[in-house]
Structure formats: structure tokens, C-alpha cells
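Worksheet: the structure to be examined is printed underneath.
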Amino acid sequence: MEDSQITCESIDEYIRKFSPEVQIILESLRKVIKESAPGAEEKMSYQMPTFALHGNLVHFAAYKNHIGFYPTPSGIDAFREELAEYKGAKGSVQFPLEKPLPYELISKIVKFRVDENIKLAEEKKKKKK
């Protein structure tokens with residue numbers, strides 16, 4: 001996504017902006033996230049496709065040479081070894097477009113984030129009582 005001036009209202013609209021090859025990857029990634037977090041809401045946040053359940057779970061975005069995946073710093077830390085071969089930062093990882101995405105690993109990270117957000121929501125609820 002090179003043109004940061006264009007805003008999208010939906011994930012469908014976001015995905016349509018890319019080449020057919022990248023659209024296939026983004027739709028596959030979306031499907032894996034949906035299956036791994038069935039109760040999550042789809043939305044746009046920070047101009048990126050986002051899945052939320054008791055707060056944001058993960059974001060993703062397409063770029064010229066990679067797919068950015070943003071599972072928060074805790075999602076990266078929990079899977080540091082499995083993500084070691086990929087370029088990344090504190091809360092993100094870059095999956096090169098010329099390689100298949102590691103969908104099984106992505107699914108594990110999303111499930112980890114679901115569990116994490118549910119636990120945080122339960123703790124907040126207990127504190128309010």
C-alpha cells in the first residue's frame with residue numbers, strides 16, 4: 001500500500017486496492033484470522049484491516065514487498081523463535097510476498113491473542129466488582 005492518502009471504509013475495499021495476486025494472499029490471511037478468532041469483529045483501524053475482540057487482536061497490511069502482520073508486542077514475544085527467520089520489530093513481523101505465508105503460525109499467534117484479550121477482559125471485570 002503505497003498511497004497513504006487513500007482511506008478505506010472496509011476490509012473488502014482495502015483488499016480490492018491490490019493486484020489479484022496480493023488480493024489472494026490477503027483473503028487467505030483474512031480467512032485464517034477469522035477461523036482462529038471466530039468471535040472477532042472486522043474493522044479498519046490505523047488504515048489497516050483489524051480484528052478486534054475485547055480490544056484489538058491483530059492488524060495486517062500489504063506493502064510493495066511484504067505483508068505486515070501486527071499482533072502486538074506480546075504476540076511477537078510469545079512466538080519469537082518461530083518468527084526468527086522474518087524481519088520484524090517490537091509489535092510487528094514482515095512476511096515476504098515471494099514466500100508462502102506461515103498460516104499455521106499465524107493461526108497460533110491469533111489464538112494466543114484471543115486468549116490474552118479474554119483474560120484481560122475477565123481481569124478488568126473482576127476489578128470493577
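The values are calculated or read from the model by the stated rules, or taken from the named source; none is laboratory data. Not measured: the values here are computed from a predicted model. Counting neighbours? That spans all protein chains shown, and the Cβs are built from the backbone with ideal geometry, glycine included.
Numbers below:
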| read-out | value |
| --- | --- |
| Residues located in segment 72-81, provided they are free of Cβ contacts under 8 Å to residues at least 24 places away in the same chain and either among the small types (Gly, Ala, Ser) or surrounded by fewer than 18 Cβ atoms within 10 Å (Cβ to Cβ) (or both) | PRO73, ASP77, ARG80, GLU81 |
| First in segment 82-109 and free of Cβ contacts under 8 Å to residues at least 24 places away in the same chain, second anywhere and part of a strand (DSSP E or B) and of a type in the set (S, T, N, Q), Cβ under 9 Å, 6 or more apart | TYR86/GLN94; LYS87/GLN94; GLY88/GLN94 |
| Enumeration of residues in segment 20-52 that are assigned to a loop (DSSP other than H, G, I, E, B) and out of contact with any strand residue (DSSP E or B) (no Cβ under 9 Å at 6 or more places or on another chain) | PRO38, GLY39 |
| Condition check for GLU123: free of Cβ contacts under 8 Å to residues at least 12 places away in the same chain and under 25 Å from PHE18 (Cα atoms) | no |
| Residues satisfying the stated conditions in segment 28-55, i.e. within 22 Å of GLY88 (Cα to Cα), modelled with pLDDT under 95 and not hydroxyl-bearing (Ser, Thr, Tyr) | GLN47 |
| Extreme residue, farthest from the chain's Cα centre (by Cα), among residues of segment 22-65 that are touching a residue at least 60 places away in the same chain (Cβ under 8 Å) and more than 17 Å from ASP115 (Cα to Cα) | LYS64 |
| TYR70 vs. criteria touching a His at 6+ places or on another chain (Cβ under 7 Å) and at pLDDT below 95 | no |
| Enumeration of residues in segment 82-91 that are modelled with pLDDT of 95 or more and either crowded, with 18+ Cβ neighbours inside 10 Å or hydrophobic (A, V, I, L, M, F, W, C) (or both) | LEU83, ALA84 |
| Subset of segment 92-119 that is surrounded by fewer than 15 Cβ atoms within 10 Å (Cβ to Cβ) and part of a loop (DSSP other than H, G, I, E, B) - its residue that is nearest to the chain's Cα centre (by Cα) | PRO100 |
| Qualifying residue in segment 6-19 (condition: assigned to a strand (DSSP E or B) and out of contact with any Lys or Arg (no Cβ under 7 Å at 6 or more places or on another chain)) | no |
| Which numbered condition LYS43 fails, given (1) over 20 Å from CYS8 (Cβ atoms); (2) surrounded by fewer than 16 Cβ atoms within 10 Å (Cβ to Cβ) | (1) |
